Amino acid sequence: MKISPLIFYCYLAAWGATTGNGTQKMTPPPSHPNIYLVTIDTLRSDHIRCYGYERIETPALDELAKQGIRFTKAFTPSPITNTSHVSILTGLQPSSHGVSDFGVPLTVEHATLPEILQKQGYQTAAFIGSVILDSKTLAPGLDRGFTYYDSFPQQTETKSRWGRIERRGMDVVERAENWLGAHGAIPQFVWVHLYDPHDPYEPPPPYSEIYKGRLYDGEVAYADSALGHFLAYLKKQNLYEDALIFVLGDHGEGLGEHGEDTHGIFLYDATTHVPLLIKLPNEREASRVVDEQVRTLDVMPTILELLSVPAPTRTDGNSLGPLILGRKEASRTVLGETEYPLRFGWAPLRSIRHEGRKFIEAPRPEFYDLESDPGETRNRYVPWDAMTKKLRGMLREMSSKLPAARKPSPGAISPDTVAELRALGYLGAADARSSTDVPEPSFLPDPKDKIEQQNLLHTAMMASEDGRRDDARAALKKLLKLDNKFSIALTLLGHLEIEAGNYKEAAAYLGQACELGPTDAVAARDYGRALELSGDLPGARNALQRSLKLNPNQFEGRLLLGQVYLKLREPKVAEEEFEAALLLKPAGEEAQVGLAKALLGEKRFSDAVEFLRATTSAGSNHAELFELLAEAYRNLGKPEEAQRAEEQANRVRGTKSPR
Ligand SMILES: [Zn+2]
């Protein structure tokens, strides 16, 4: 049953009317209340006190539940942060909005909640707790419609994860509060994202002490305290009472259930069941508990209906209006999707949760009766069972109506961003080395058979980020014992050994990765780099030539091959590689240095002078370029010019040295 927008609008307007007490405070018109959306990352609903978990204190969430509506069965369509947030902000399934991967842009054809609200005169701002949602790198397009989007600094000297890839909840809410303090204009839509419960679990004191031994709970309690701080601020500013407040999780956390430590791979309730609380203006419908199954996709249509603003032509969610008003309706069907297993070369999963049952489409399909088996521990899948057939049919039919997600483009994110992803415990698309070009996903390994490997990889990436190289090495070696052909593990081990200065070991691992992925240009380049570092120049040359044959447009590869040729005393061929590198990146100073060295090596001193003078006068300011210029002048018998170039080199070094 769909409630008429008009009735709902009148209802909201009526709330405003009853509170219109004639005071002077800045109050948005009742039809356009301030809206605060708080998403708490990685938040399982069964680890919150008002959801029945007694081993935790979550006073802010509990109070909000008392003053608003608590949905006991809310589900995300995706267990991955970007994808699930895009679904919240668009009301679309992942297969509709297409953001199934990190770095995949949210395209303009999909209207976003802030964009629509902005057209309604809202001031819009977003405060994020992790680079995973940074619109400049990993979440392009997510800032659309936000007047202010609090991205992370692009350059930072700090090695600490705080401020570089993550912000503590209290930092996020203080940034939001500062913005609110400086921007009095109303109405406002402010989205606050608290990342804390995401692993690694490192709550600050006193939560680290109170929740010793179960630090995930400590992070949840800490995030709750940040939420409490934010709500207290709104109250102090008289912004709370009339506001619409939505608080929800983007996905849950495995915590070892079904063998999954974190999230992303599976579609069980552990990672898809999230809390959802809605506080209406003036605490309307306070303490209502809704037990019907709903989706985080329904958030945007609900907000738009409350505001009596038409929803975009296409949404996969529906307003929660009828349920908010206490009307009964059939539980909504939840579709789940995860493409993340593809990163590892494993089958993606799809699920449907309908009338107390769940069907998961996988190479080995699963069927659960959630009423008798809420933990999804007894797979009752029988292909000819009537209910299984029904759910499978529904899943196929509903999925077929969704526009297929575009293919993620591995080149869309930079190597630096891949490093950030790894620091957060995720593999970048460029890491997906396994062969995934099979005719259909069911031919790929079932993630159920691979989850231990994923956990070990995750452990290794987090340990590596933390500087615990031995732990990372141990996890990766354990992984290779499970599967000695797991090229991602070989690659990561190779990188680890390069960092540790063990170049021969690195070359051995990367060589194996190369054999397993003979068409992988990046693998061949990494192998070439390790060989070069270990002193095997002919080997490095061969690997790099192979890499560039697979993908000729690699600046790093061209640069490296040029340097190898210089060391092999083949300046003529080196020159060609540096020239090719400079075509890809004209201001690449390392390639400029390389080209100058090649020209000197060929004894083409006049050409070297001409090139270096042009380069340095065009703005390149690398001390080595001036040193090479001095060398060229000396060889041409021009000591005065050489002297001037030396002085210039010293000046450049002088201005750069105090860093
Ligand atoms: Zn998340």
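Bear in mind these aren't lab numbers, they're just calculated from the coordinates by the rules spelled out. On a predicted model such as this, the values are computed, not experimentally measured, just so you know.
Quick look at the values:
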| read-out | value |
| --- | --- |
| Cross-link table Lys159/Lys235; Lys358/Lys477; Lys572/Lys638; Lys136/Lys477; Lys358/Lys450; Lys159/Lys481, entries beyond 27 Å C-alpha to C-alpha | Lys159/Lys235; Lys358/Lys477; Lys136/Lys477; Lys159/Lys481 |
| Hydrodynamic radius (Kirkwood) for the range 138-186, which is based on Cα pairs only, to one decimal in Å | 12.7 Å |
| Whole-angstrom Cα spans of the range 434-540 along principal axes, big to small | 44, 32, 20 |
| 0 to 90° range, to nearest 10: angle between helix 605-617 axis and the chain longest Cα axis | 30 degrees |
| Calculated SAXS-style log₁₀ I(q)/I(0) at q = 0.20, 0.22, 0.23 Å⁻¹ - the range 321-407, Debye, Cα scatterers | -1.01, -1.12, -1.18 |
| C-alpha center-to-center spacing [the range 468-530, the range 45-108] in angstrom | 36 Å |
| Using alpha carbons only: equivalent-ellipsoid semi-axes of the range 71-135, gyration tensor based, whole Å | 19, 15, 14 |
| 222 nm mean residue ellipticity, helices alone, for the chain (DSSP H n ≥ 4; -39,500 (n - 2.57); rounded to 500) | -14000 deg cm²/dmol |
| Kirkwood hydrodynamic radius of the range 577-634, Cα pairs, Å | 11.0 Å |
| Fraction in percent of alpha-carbon pairs per bin - 5 Å, the range 238-284 | 6, 22, 19, 12, 10, 10, 9, 9, 3, 0 |
| Principal-axis tilt of helix 487-500 within the chain, Cα atoms, nearest 10 degrees | 60 degrees |
| Values of log10 I(q)/I(0), in the order q = 0.15, 0.18, 0.20, 0.22 Å⁻¹, for the range 143-270 under a Debye, Cα-only, solvent-free model | -0.87, -1.14, -1.27, -1.36 |
| The chain: angle of helix 451-465 to the longest principal axis, Cα-based, in degrees nearest 10 | 60 degrees |
| Spread of Cα-to-Cα distances over 10 Å intervals beginning at zero, given as percent, for the range 290-352 | 19, 39, 25, 14, 3 |
| Size-normalised alpha-carbon gyration radius of the chain, reference 2.2 N^0.38 Å | 1.10 |
| Value of D in µm² per second that Stokes-Einstein yields for the range 603-648, Kirkwood Rh from Cα pairs, at 20 °C (1.002 mPa s) | 212 µm²/s |
| Debye equation applied to the C-alpha atoms of the range 524-659, log10 I(q)/I(0) at 0.22 Å⁻¹ | -1.19 |
| Pairwise Cα inverse-distance average, inverted: Kirkwood Rh of the range 209-250 (Å) | 11.9 Å |
| Partner lysines for Lys567 [C-alpha distance under 25 Å; skip if fewer than 8 residues away on the same chain] | Lys504, Lys549, Lys585, Lys597, Lys603 |
| Whole-angstrom gap from the range 210-276 to the range 344-369, using each part's C-alpha centre | 25 Å |
| Extended-chain gain in nm, criterion 0.36 nm per residue less alpha-carbon gap, Ser331 and Arg634 | 100.8 nm |
| Computed over the range 248-349, Cα set: Rg, Dmax in Å | 16.2, 51 |
| Shape of the range 261-420, Cα gyration tensor, a/c cut at 1.5 | oblate |
| Cα Rg, Dmax (largest Cα-Cα span) when computed across the range 111-211, Å | 14.9, 47 |
| Overall Cα dimensions of the range 475-516 - principal axes, largest extent first, Å | 26, 22, 12 |
| Gap separating the Cα centres of the range 551-625 and the range 133-165, nearest whole Å | 34 Å |
| Proportion of all alpha-carbon pairs of the range 464-596 beyond 24 Å (%) | 32 percent |
| Shape of the range 26-133, Cα gyration tensor, a/c cut at 1.5 | oblate |
